[in-house]
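Peer 1: First, the structure itself, so that you have it in front of you.
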Amino acid sequence: MARCPKQRKKAVIAAVSAYLELLFNFINLLLRYYEALESEQEQAVEHVSSWETPIARQLARNSFMRCIVSHGDISCTMLVRMNCRTFQKLCMLLRDEGGLRCSWNIEIDEMVAIFLYTIAHNEKNRQLQATFRRSGETICRVIKLVLRSVLKLHSILLRKPKPVLHNSDDPKWKHFKNCLGALDGTIVNVRATKENQERYRNRKGTIGMNVLGVVDQNMEFIYCLAGWEGSAHDGRVLRDALIRPNGLKVPRGYYYLCDAGYSNCEGFLSPFRGQRYHLKEWGGRRPRSPEEIFNMRHSTARNGVERAFGILKMRWAILRETTWFSTKMVTKIVNACYLLHNFIRGENGADVFERLYVDEDPDEETEDVDEDLILHIQPTVEWSDFRQNLAQELWAARSWITS
C-alpha cells in the first residue's frame, strides 16, 4: 500500500535531518582535530610567531649577538663565560689555528657563541633553536664543527709542566721541590645506554664518567683523560694514562701530588694514611707529628686540583649536570672544556669564577725531560723513605715553637 504524500514528506525530512546531523558531527570532529594539532604545534615552538619572516629571524640573531660582543663584559661573561675581548680572540684562534670556517648564512662568531652557550648552560636543542633562531640541524652541525676546531688547539692550550724550583717562594709549593703539579679524578654525569649503565655507575650510585685531570701550580691543566666508566678505580685510570702513546709523561726525579686513593710510588706522592689530611679537619690546630705536618702541607698544595675542578664545573654547566649528548660526544666536550679553561685563565687575567668559588688566590716554560719516564705504578721502599724524610724535614723546619 503506497504511502500518502504527507507520510513521504515526513520520511524525507527525517532522513535529511539524520544526514545533516551526521555531517555536523563529522565537521565538528574535524575541527577539534585541527585545533588539537594547532595547539600541539604552538607548544612545540613557543616563539614561532617571531620567526615568521627571515628579516625577523635575522634581527633577533643580531640582537642576541650584540648582547655578547657589544653590551659589555658582564653580559658576555654571563652568556658565554668570558669577556668580549677573550671571545673575539677565541674566534680568531679557532679560525687561524683550528680551521673553523663560516658558511654563507652563519658567521664564525655566531658559531662559537652557539657552542659556548650550549656547554655553559647545558641547553637542549629546542631551547637553542628559540635562542639563536636557527634550525635544529644547524645547531647540531655548528656544535660539532666548533668542537672539532677546539680540540685541534690541544697542543696550543695544554700547559707544559713546570717543576717547583729550589728557590721557589710560593708558600704552598716551596716545600715540594721538583714537583710538577697535582692530579685527581672527578665524575662527570653521562646518559649511558641501558646495557652500559652498570659499567658507568660509580660508588655513589650515579651514572657518570671517571675523568683524570692534572694541573700545575697555577690551576691550569697539563693533562686530561676522559672516557673511563664511573666504576673504574682512579689508579686504573692513571695506569692507562701512563701507557698511552700521548699520555701523561712523568720524568724520573719529578713527581705529582695525589690523594690517598692512589699508591705512594715513584712519580706520585700521596699523604700518610690514618692521619688528619683535609684542611677542614685541622680546625686551627697545629700538627703534632712529622706525618701530620706533611699531610697539612700536602693538602694545602694539592687543594689546587680540587679548586680547579670546582671552577671548571661552575663555569661549564654541562660538566655538573646530565646532558642529552652521547657518551662519546661528552668525552670530546670534557676535553674541550679543559682547553677552554686554560685559554680563559690565560687571557682573562682575573678569573671571575675563581673569586666566586674560593676566597684565596692560589709563572714560564720549562724544559721537557723525556729520556727516562715513569711508566708503571709500583710502591717501593725508596719512595716511602723519600716521603718519610720529607716529612721529617718539614717537621724540623716548622715555624712555631712547641712545648
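Peer 1: Taking the Cα centre of each part, how many Å lie between the stretch 307-353 and the stretch 166-181?
Peer 2: After rounding, the separation between the Cα centres reads 27 Å.
Peer 1: Would you mind checking which residues have amide H under 5 Å from F268's amide H? H placed 1.01 Å from N; only 5 or more apart, or other chain.
Peer 2: Amide H neighbours of F268, under 5 Å, 5+ apart: Y256.
Peer 1: Could you give the length gained on full extension between D240 and N125, defined as 0.36 nm per residue of separation minus the Cα-Cα distance, in nm? Provide the component values of the computation, followed by the final result.
Peer 2: Details: separation 115, 0.36 × 115 = 41.40 nm, distance 3.45 nm.
The span from D240 to N125 would gain 37.9 nm if fully extended.
Peer 1: So if I average 1/r over every pair of distinct C-alpha atoms in the stretch 49-152 and take the inverse, what Kirkwood radius in Å does that give? Write down the numbers at each step before the final one.
Peer 2: Values: mean 1/r = 0.0721 Å⁻¹.
Hydrodynamic radius (Kirkwood, Cα pairs) of the stretch 49-152 is 13.9 Å.
Peer 1: In whole Hz, with x marking every Gly and Pro, tabulate ³J(HN,Hα) for the stretch 210-220 from phi via Karplus 6.51 cos²θ - 1.76 cosθ + 1.60, θ = phi - 60°.
Peer 2: With the stated coefficients, the stretch 210-220 comes to 7, 10, 9, x, 10, 10, 8, 5, 9, 6, 10 Hz.
Peer 1: In terms of the ratio Rg/(2.2 N^0.38 Å) built on C-alpha atoms, what value belongs to the stretch 107-169?
Peer 2: Working: Rg = 17.5 Å, N = 63, 2.2 N^0.38 = 10.6 Å.
Against the compact-globule rule of thumb, the ratio is 1.65.
Peer 1: Can you work out the PRE-style zone for E393? Point 7 Å along Cα to Cβ, and I want the residues of the stretch 295-336 with backbone N under 15 Å.
Peer 2: Only 295, 297-298 fall inside the zone, counting backbone N under 15 Å.
Peer 1: Continuing with the same structure: Give me the one-decimal Kirkwood hydrodynamic radius in Å for the stretch 169-277, with the sum taken over alpha-carbon pairs. Before the final figure, lay out the partial values.
Peer 2: Values: mean 1/r = 0.0662 Å⁻¹.
For the stretch 169-277, inverting the mean 1/r across all distinct Cα pairs yields 15.1 Å.
Peer 1: Residue by residue, what Karplus-based ³J(HN,Hα) values in Hz, rounded to whole numbers, does the stretch 181-190 have, using 6.51, -1.76 and 1.60 with θ = phi - 60° and x for Gly and Pro?
Peer 2: Per-residue couplings from phi come out as x, 9, 9, 6, x, 9, 9, 10, 5, 9 Hz.
Peer 1: What is the order of M314, M219, fewest Cβ neighbours within 10 Å to most?
Peer 2: Details: M314 16, M219 26.
Listed from fewest to most nearby Cβ atoms, that is M314, M219.
Peer 1: How high is the relative contact order of the stretch 49-152, in percent, counting Cα pairs under 8 Å that sit 6 or more residues apart? Show your work: numbers first, answer last.
Peer 2: On the way: 92 pairs, mean separation 27.3, N = 104.
With pairs under 8 Å counted, the relative contact order is 26 percent.
Peer 1: If you bin every alpha carbon distance in the stretch 160-396 into 10 Å steps from zero, what whole percent lands in each bin?
Peer 2: 7, 31, 36, 22, 4, 0
Peer 1: Mind listing which trypsin sites (Lys or Arg not before Pro) in the stretch 246-316 are in a DSSP loop and have 15 or fewer other Cβ atoms within 10 Å? Write out the running numbers ahead of the final one.
Peer 2: Numbers: sites: K249, R252, R273, R276, K280, R285, R288, R297, R302, R307, K313, R315; in loops: K249, R252, R273, R276, R285, R288.
Answer in residue order: R252, R273, R285, R288.
Peer 1: Fewest first, what order do C337, C224 take by the number of other Cβ atoms within 10 Å?
Peer 2: Fewest to most other Cβ atoms nearby, the residues stand as C224, C337.
Peer 1: Label 7 Å along Cα→Cβ of H166; the stretch 235-262 residues with amide nitrogen under 20 Å?
Peer 2: 251-256
Peer 1: Between K10 and A317, with labels modelled 7 Å along Cα→Cβ, what's the label distance in nm to one decimal, could you check?
Peer 2: In this crude label model, K10 to A317 measures out at 7.3 nm.
Peer 1: Based on DSSP, what percent of beta bridges with both residues in the stretch 160-396 are antiparallel, to the nearest 5?
Peer 2: Numbers: 17 of 22 bridges.
Of those bridges, close to 75 percent are antiparallel.
Peer 1: Label 7 Å along Cα→Cβ of T300; the stretch 171-200 residues with amide nitrogen under 11 Å?
Peer 2: Residues passing the 11 Å test: 171-176.
Peer 1: Along the charge dipole of the chain, Cβ charges K/R +1 and D/E -1, which of A60, L157, M329 sits furthest on the positive end?
Peer 2: A60
Peer 1: Here is a follow-up. In nm, to one decimal, how far is the modelled label at V381 from the one at R199, with both set 7 Å along Cα→Cβ?
Peer 2: The two pseudo-label positions are separated by 4.2 nm.
Peer 1: Also, quick follow-up: Taking the chain, how much of its Cα-Cα pair set, in percent, is spaced more than 31 angstrom apart? Intermediate results must be reported in sequence, preceding the final value.
Peer 2: Values: 41527 of 81003 pairs.
Cα-Cα pairs of the chain separated by over 31 Å account for 51 percent.
Peer 1: Taking 7 Å along the Cα-to-C-beta vector as the label spot, tell me the R307-Y34 distance in nanometres, rounded to one decimal.
Peer 2: 6.6 nm
Peer 1: Amide H of D184: which non-local residues (sequence gap of 5 or more, or other chain) have their own amide H closer than 5 Å, using H built in the peptide plane?
Peer 2: So D184 has HN proximity to G213.
A short reminder: the numbers here are calculations on the coordinates, not readings from a lab. It should be emphasised that the depicted structure is a prediction, and the values quoted were computed from it without experimental measurement. Counting neighbours? That spans all protein chains shown, and the Cβs are built from the backbone with ideal geometry, glycine included.
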